[in-house]
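Accompanying notes for the structure given below.
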Amino acid sequence: MESLFSEKQFWTGIILLIRNYNAVNKKIFACVVHKVLKVQKGIAHILNVGDSQLYCDQLFDIGKIKDTSVTEKSEADLIHVLRSVIENKNLEEECEGFLIFYKFLTKKLQKNIEAVGKIDLLNKSYTCRFKLCDDLDDFAVQFVDNHLTVVILTQRDVGDKSKRWSDFILKPKLLKWSTSASLENLYSVDEEKYTKSLQLVDLEEYNELYKLLKSKYAEKFLNIWNNAKESTDPLKFVYEDLAIAAYLICLWHRVGSPIGFADLGCGNGLLVHLLSEEGFNGYGYDVRRRKIWGYYTHSTRLIEQTIEPLTFKLPEDVDWVIGNHSDELSPWIPFLSATHRYQMRYFLLPCCAYEFSGAKFQRRNTSISIYQDFYSYLNNISQNCGFITLKDRLKIPSTKRLALVGIERSYESNLSEKQMQHIAQFVKEERIKYRNNMSVADVKLREPHEKVRNCTQINKTIIDALILKIFHQLLSPENNTIKTNNTERGKWRSGIRLPMRDIAQNLAKSDLKSIKAECGGIKTLLRNKHEIFEFHCGDLIGIRKPKAFVSQSQGNRQTIKKRSCFFHIHHPDGCPLSAEICTFIH
C-alpha cells in the first residue's frame, strides 16, 4: 500500500521534475526553459481545456491571456517561490502559480518538442502539455489527501502503454525524488554550475551536433572496430568519443576555435580522428600504437611516443591540450598547458587516479569517494597552475564524466615568470610530500608494452588443476539437482553456490601462488571460464548449466564445436545435453 507523504515532499519532487523530465522518458535528451510567467490571479482557469492542441496554440500566443495578471519572471524566481512553499514561508507577493515554456531536446526524433508546464499552487498540481507531438503524453500530477496522483491527459487512443508509463515510470520516480531529496540538495539556478550537465555549451547546439555525428560516424566505426579486432567495447568507446567530440566542438564555437590541439594519451585515437574529420587541426600521442590506427585516414596524425612531462614539447601550432581518460598523464595536463605558453588552454576528463610520479593516487580526503577526491585534487593543481578552472559534467556512457576546463588565467601575461616559479615550487612540494620522487627519470609512466594480467598467461596445467578443484568444491554431497531433457540421465547435479572468500580459503597457498599477481586473481580466472561457472548476486559462484545450441546467430561462433565439453568429461552425471545440441564436442 502506498505510504502517505507531505506537501513539502510533493513540491520537492516537482522541482526535480521541472528540469529532469528526461529521467522519466528515454526519448528526451534534455529540456531547456525558455520563459517563465508568474500568475498572480486566476491560475486554475487559464486555458484549462481538454484539447491539448488548442491549449498549446492559445498558450504559446501570450496575447490571448488578457484577463489574467501575469508577469515575466526568471527560472530562479520560480525555484525561489517553490522553495518558500516547501519551507512554509509567506510569499512576498501574491502568486497563484507559474507557466513554464519548455523546449524538449529529443534523442532520435528529427524535431525538438515545445511544451508548456503549469504550476498551480492553489490546487497543488503540475500539468505538462506538448505542442504538435504524438510521441509524448500530456500529464497532470497532483497532491490530493496526502497522496500523489498522476493522470494522462492526452486525448487520443493511447492504450495501455501510456498508463504503464505513468504507473511504473513517472509515478515511482516522483515518489523517489519526493522522499529522498533533501532541501539542501534541491536543484537551484545558483547551484546549477555544480549539479547540472553540459553547463559550458549550448544544450540545443550540442544535441543537434551529437545526433549529426552519430549519423555520420557511429555505424562506420562500429564496423571498423570489429574489423580491427579491438578488444574494447565499441558500444561504449564509439558513442563516448562521439559525445566528447560534440562537446569540444560546441565549446570551441563558444570560446574560439583552436589553432591546433594535442590529445595526450589518446589511446585508440578515435577522438583525434573525429575532430580531424570535422576540420580541426590536431595530434594524438600515445605510448603504444593501437591496431585501429591503421584504419584512419592519413589526415589523422597519431604519434607513438612516451610523454615525459618535464621534458616534452608541444608542437608550435597547438594551443589546446586534451586529456581524455589520460590516466598517468592527468595531473600533468594543467601543468603542461600552463608551462608551454600563456595562450595555451586545456580540457581534462580524468578517469584512473595517479600521482605526479605515475604511482597510484594517495587519498587526501577519505570522507568522499576516491574519484571525487582525485577530481578535487586536479582542480587544486589547475588553480595552482594559474587557471580560472571551469567544471562541467558530460553526458557520456561512463561513470567518470566530470571535466575540468582551463581557458583563462588568474594572472596577467606580464607575471608569467613569477607564475612559473610558483608552479615549479608547487610541483616540487607535492612530490616531496606524497613521496612522488624528484628527478625527471623517476616519473614512472606506462610501459610501451603492456603486460598481460588476465590469468591467460599462466601454465595451462596449473589452470586446469585449479578449475577442477573449484568445480568439485561446488559439486559437494549436499548439492542440488535439476531436471534434464536427457532421459538417459534423469536428474543432473547442479551443485551449490559459495562466496568467493570460501572458495579462496579452501584452496592451498600453493594453488593461489601463480595467480597472486594477476589482475583480478581468482575472480578473473573464474570469469574466463564462464562456460563452467557463473556469478550470482555479485560474489556467489555456482556451476553454470549448459545451454543448448539453437542457431548460429544465437550461439557463440568462436566456441561452437571447437572445444571438448568440460561436463561430458568431468561431471559425474556427464553433460545434461545430447551431443547434437551441446555447444561443445562430446
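Rule-based calculations on the coordinates, nothing more; no lab input. The model shown is predicted, which means the values in this text are computed figures rather than measured ones. We place every Cβ from the backbone using ideal geometry, glycine too, and count neighbours over all the protein chains shown.
See the values below:
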| read-out | value |
| --- | --- |
| Relative contact order (%) - criterion: Cα under 8 Å, at least six apart; region: the range 203-442 | 15 percent |
| Dipole of the range 301-357, positive direction: furthest Cα of GLN305, MET344, SER330, with charges on the beta-carbon | MET344 |
| Protection proxy ranking of 81-91, 240-250, 265-275 - average other beta-carbon atoms within 10 Å, highest first | 265-275, 240-250, 81-91 |
| Within straight-line cross-link reach of LYS418, lysines at Cα separation under 24 Å, skipping those fewer than 8 residues along the same chain | LYS313, LYS428, LYS433 |
| Under 12 Å, Cβ to Cβ, from ILE333 - net charge with Lys/Arg +1 and Asp/Glu -1 | -2 |
| Computed FRET value (nearest 0.05) for HIS586 with LEU512, which takes r as the C-beta separation and R₀ as 41 Å | 0.80 |
| Potential extension, SER367-ASN528 segment - 0.36 nm per residue separation minus Cα distance | 54.4 nm |
| Label-point separation, GLU277 to LYS291 (7 Å along Cα→Cβ), nm | 2.0 nm |
| Surrounding net charge for SER231, when Lys and Arg each add one and Asp and Glu each subtract one, Cβ distance under 11 Å | +1 |
| At R0 = 45 Å, FRET efficiency that the Cβ-Cβ distance of LYS491 and LYS26 yields, to 0.05 | 0.55 |
| Cα→Cβ-extended label distance, 7 Å offset, between ASP317 and ARG501, nm | 6.0 nm |
| CYS352, CYS385 arranged by Cβ crowding within 10 Å, fewest neighbours leading | CYS352, CYS385 |
| Exceeding the 25 Å Cα-Cα cut-off - candidates LYS107/LYS220; LYS216/LYS236; LYS220/LYS523 | LYS220/LYS523 |
